[in-house]
Amino acid sequence: MKKYLICLIVVVFVSTFFLYKIGGFGLFDFDEAVYAETSREMLETGDFINPRYNYMPFYEKPILFYWLTCISYRIFGINEFSTRVVSSVSCIVLVFLTYYFGKILINKRAGMLAAIILTTNTGIIIISKAAIMDGLLTLFISSSLYCFLAGYITGNKSFYWGFYISSALAVMTKGIVGIVIPAAVVVWFILVRKQNIREIKLVPGIAIFLLISLPWYIVVTVISKGSFFNDFFIHHNIQRFSQPFTGHSGSILYYIPVILIGLFPWSAFLPGSIRNSIKQRGPVHLFLLMWVVVPTALFSISQTKLPSYIIPVFPAFALIGGVYFDKKFSFSKGEGYKFNTESKICWSIFFVLVLLMSLVFAMNGFLIDKAKANFLEDAPYLNQFIDFGLAPLILAAILLVSSAVLYFFLRYKNIRAVFGVFVVLMVIFNFMFMTYIMPSAWKYMQGCLYHFSNIVRAESGDGDKLIGYDVCQPSILFYTRKKMIACSKNDLERIKNELNHASNTSNVYVITKQSLFQKLSEAVNSQVIRRCSGYTLLKGQPAPPP
C-alpha cells in the first residue's frame, strides 16, 4: 500500500509541475498561435486530412500534433489550457518513460534520478508549457531509442516493435527528422557493436513503420496535387537544412550555449557525467553518447537553427546524469566527489550562468530600454511602459542565494544536498516563471492584440472582413475566429478595394501599427476604435461617392 501511495504522490507532483498555470495566460505569436489556429480550423471545417491556416492549405508540418490538439479541444474546449496540454502531457509521459527504461537499462535509483533531472531542467520546463511540437517529437524519438536499447540489452525482442511504432509517430509529428535521428543512432550502434541485423525484425518492422506513417502522407499529397510534397519536403525540410529559414541561423557552435542553458542547473555536472559515461564503456553508455552526438551534429550543420531543435538529446543527458549521480550517491557523505580541476571548470561554468541569468533578471528594465531603442519598428508593443515588478529581482536573489548554499555544501562534498538544492531551485523557478514572468510577458507582448481580437469577435458578423496592415500575427486569427486579409506596407490599394467592395451592411476592421496609422488614414476613410501598445484598431468605411 505504501508503495502505491508513493507512486501516486510522484504522479501528482510531476503532473502538477508540468500542468501548472499552462492556461493562465494567452497564446504567444508565432508558433504557438499558428498551431493552435490550424487545429481550430481543422475542428471547425471537419477536414482532418488537409491542414489549413487562415483557411488556406498549410503544409509546414505533419498532422499528428493537430489531431491530438483537436481531441484536447473536444474534451476541454478551445482555450489556452487545451492548446498547451498536449505538450505538457508529452513531457509527463516522457519523464515516466525515462524512469521506466532507466530502471530496466541501469537500475531503479539511476532511473529515478534521471527522471528528476529531466523534470527539473530549464529546457524541458519551457517546452512543456508551449503549444509547439518539440515536446511530442522528443517523446516519440526518445521512446523509439529507449525501446531499441531495451530490446538489445534485455534480449526481449518485443521492445523492437516499440522502436518502429514510435519512429512512425515521430514522423507523423514533425516529418523525416523523426526517423533520421533514431535510424542514424541505431545504424551507428549496430555497426560498432556488430549486432546481427536479423535480431531487430527489420523487414516486418519497416512494414509496420510504413503502415503507420505513410497513408496520411500519400492521401494529402494526392489531395493537394503535389503541393504538399513541394511545400513540406522541399521547402520545410531540404531548404531548412540547406539554408537559413526566416532568419533563424547560427554558427556551428550555436547549440553549446543552448545546451548549457537548457540543462541548467544540471549543466554544472555535464562534463563530469559525460566523462563518467565514456569511462564506463558499456553498450548502454555508448548508446546514450551516440544519442547525444547524432542530433547535436545534425542540427549543428543544419543552416536553420532554433533552440527547441536540440531538445531530443535532453533525455539522453538526463540518463547520463542519472548514472553519474547514482555512482556518487553510492559513496558515504564527503566521499566520491573530488573537487579537482574538472570540477572547478564545471562549477565555474555554472556560477557564470547564474551570474549572467541574475544580471538579466536584475537589469530587465535596462534591457527593455535597449530593446525599445533598437526593435521598436518590428515590435510595436515595446512602445509602452513595461514593468515586471519585483519578480525578476526575486528570481535573481534566489539564484544568488542558491549559489551560496551550493558553495557551502560543495565545500563539504555533500552531493546529495547539492542535488536537493537543484531540485528545490527549479521548483521555485517553475512557480515564479509561470505565476509572474510569463503572464506579465504575455500581457505586454500580446495583450493589446488579444483585446483588439475580442472587440472584433464581439462586434463583427459573418460578412465582415478583417485586414492586417503590416500585421499578421496568428493569435489574431485564433481569438477573432476570422480569416484575415494580410496586407503589406505597399498594399494600400488592396485595402481601398476591400473597403469599396464592402456592402453597406458589412464592416471592414483593420489592425495596424501606430507608426502606419497616419499613412493609412490619409489613404482611406476610417474610424479609430481603439489604440494601445503601439497598435491601432480601425473600422474602415467606403470612400464617399464623387
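Can you say whether Trp188 is under 14 Å from Met290 (Cβ atoms), in contact (Cβ under 8 Å) with a residue 24 or more places away in the chain and surrounded by fewer than 23 Cβ atoms within 10 Å (Cβ to Cβ), as far as the supplied structure shows?
Judged against the criteria, Trp188 is a match.
Out of the residues in segment 46-66 that are aromatic (Phe, Trp, Tyr) and under 25 Å from Tyr450 (Cα atoms), which is surrounded by the fewest Cβ atoms within 10 Å (Cβ to Cβ)?
Step by step, filter segment 46-66, then rank; the result is Tyr55.
May I ask you to list the residues in segment 287-307 that are more than 22 Å from the chain's Cα centre (by Cα) and either assigned by TED's automatic domain parsing to the domain that holds Phe419 or at pLDDT below 95 (or both)?
Scanning segment 287-307 gives no hits.
Name the residue that is farthest from Leu94 (Cα to Cα), counting only residues in segment 1-32 that are loosely packed, with under 15 Cβ neighbours inside 10 Å and aliphatic (A, V, I, L, M).
Met1
Cβ-Cβ below 6 Å, separation at least six or inter-chain, first residue in segment 59-80 and touching a residue at least 60 places away in the same chain (Cβ under 8 Å), second charged (D, E, K, R): which pairs?
Filtered contacts from segment 59-80: Tyr59/Asp231.
Scan (1) within 20 Å of Ile320 (Cα to Cα); (2) in contact with a Gly (Cβ under 9 Å, 6 or more places away or on another chain) for the single condition Trp188 breaks and write down its number.
The single condition Trp188 does not satisfy is (2).
Among (1) closer than 30 Å to Phe351 by Cα; (2) out of contact with any Gly (no Cβ under 8 Å at 6 or more places or on another chain), which single condition is Leu211 missing?
Going through (1) closer than 30 Å to Phe351 by Cα; (2) out of contact with any Gly (no Cβ under 8 Å at 6 or more places or on another chain) one by one, Leu211 breaks only (1).
If I go through segment 295-327 residue by residue, how many of them are in contact with an Asp or Glu (Cβ under 7 Å, 6 or more places away or on another chain) and aromatic (Phe, Trp, Tyr)?
Selection size over segment 295-327: 0.
Can you pull out every residue in segment 222-253 that is at pLDDT below 85, surrounded by 16 or more Cβ atoms within 10 Å (Cβ to Cβ) and farther than 17 Å from Met172 by Cα?
Those that are at pLDDT below 85, surrounded by 16 or more Cβ atoms within 10 Å (Cβ to Cβ) and farther than 17 Å from Met172 by Cα: Arg240, Phe241, Phe245, Gly250.
Conditions: (1) of a type in the set (A, V, I, L, M); (2) outside the structural domain of Ile349 (by TED's automatic domain parsing); (3) part of a helix (DSSP H, G or I); (4) within 15 Å of Phe28 (Cα to Cα). Leu499 meets all but one. Number of the miss?
Result: Leu499 fails condition (4) only.
Among the residues in segment 389-400, are any within 30 Å of Ser515 (Cα to Cα) and not assigned by TED's automatic domain parsing to the domain that holds Phe269?
Checking segment 389-400: at least one residue is within 30 Å of Ser515 (Cα to Cα) and not assigned by TED's automatic domain parsing to the domain that holds Phe269.
Mind checking which residues of segment 358-373 are under 20 Å from Leu399 (Cα atoms) and among the aliphatic types (A, V, I, L, M)?
Leu359, Val360, Ala362, Met363, Leu367
Give the number of residues within segment 458-496 that are over 29 Å from the mean Cα position of the chain (by Cα), assigned to a helix (DSSP H, G or I) and not acidic (Asp, Glu).
Of the residues in that region, 5 qualify.
From the list Asn500, Asn507, which one is of a type in the set (S, T, N, Q), touching a residue at least 40 places away in the same chain (Cβ under 8 Å), surrounded by fewer than 16 Cβ atoms within 10 Å (Cβ to Cβ) and over 30 Å from Asp369 (Cβ atoms)?
Step by step, each of Asn500, Asn507 is checked, and only Asn500 is of a type in the set (S, T, N, Q), touching a residue at least 40 places away in the same chain (Cβ under 8 Å), surrounded by fewer than 16 Cβ atoms within 10 Å (Cβ to Cβ) and over 30 Å from Asp369 (Cβ atoms).
What helices (runs of 4 or more DSSP H), lying completely within segment 1-104, carry at least 2 residues that are touching a strand residue (DSSP E or B) at 6+ places or on another chain (Cβ under 6 Å)?
The helices (runs of 4 or more DSSP H) meeting that bar are 31-45.
One residue is enough: does segment 411-419 have a residue meeting the conditions loosely packed, with under 15 Cβ neighbours inside 10 Å, of a type outside the set (D, E, K, R), modelled with pLDDT under 85 and closer than 30 Å to Arg109 by Cα?
There is at least one residue in segment 411-419 that is loosely packed, with under 15 Cβ neighbours inside 10 Å, of a type outside the set (D, E, K, R), modelled with pLDDT under 85 and closer than 30 Å to Arg109 by Cα.
Across segment 374-402, what is the number of residues that are modelled with pLDDT under 85, in a helix (DSSP H, G or I) and of a type in the set (A, V, I, L, M, F, W, C)?
So the count comes out to 2.
Quick check on segment 206-221: of everything there that is under 15 Å from Phe48 (Cα atoms) and either of a type in the set (Val, Ile, Thr) or within 25 Å of the chain's Cα centre (by Cα) (or both), which residue is surrounded by the fewest Cβ atoms within 10 Å (Cβ to Cβ)?
Checking each candidate, the answer is Ile218.
Would you call Val203 over 24 Å from the mean Cα position of the chain (by Cα), closer than 17 Å to Val313 by Cβ and β-branched (Val, Ile, Thr)?
Against the criterion (over 24 Å from the mean Cα position of the chain (by Cα), closer than 17 Å to Val313 by Cβ and β-branched (Val, Ile, Thr)), Val203 does not qualify.
The values are calculated or read from the model by the stated rules, or taken from the named source; none is laboratory data. Treat the numbers as computed from the prediction; the structure is a model and nothing was measured. We place every Cβ from the backbone using ideal geometry, glycine too, and count neighbours over all the protein chains shown.
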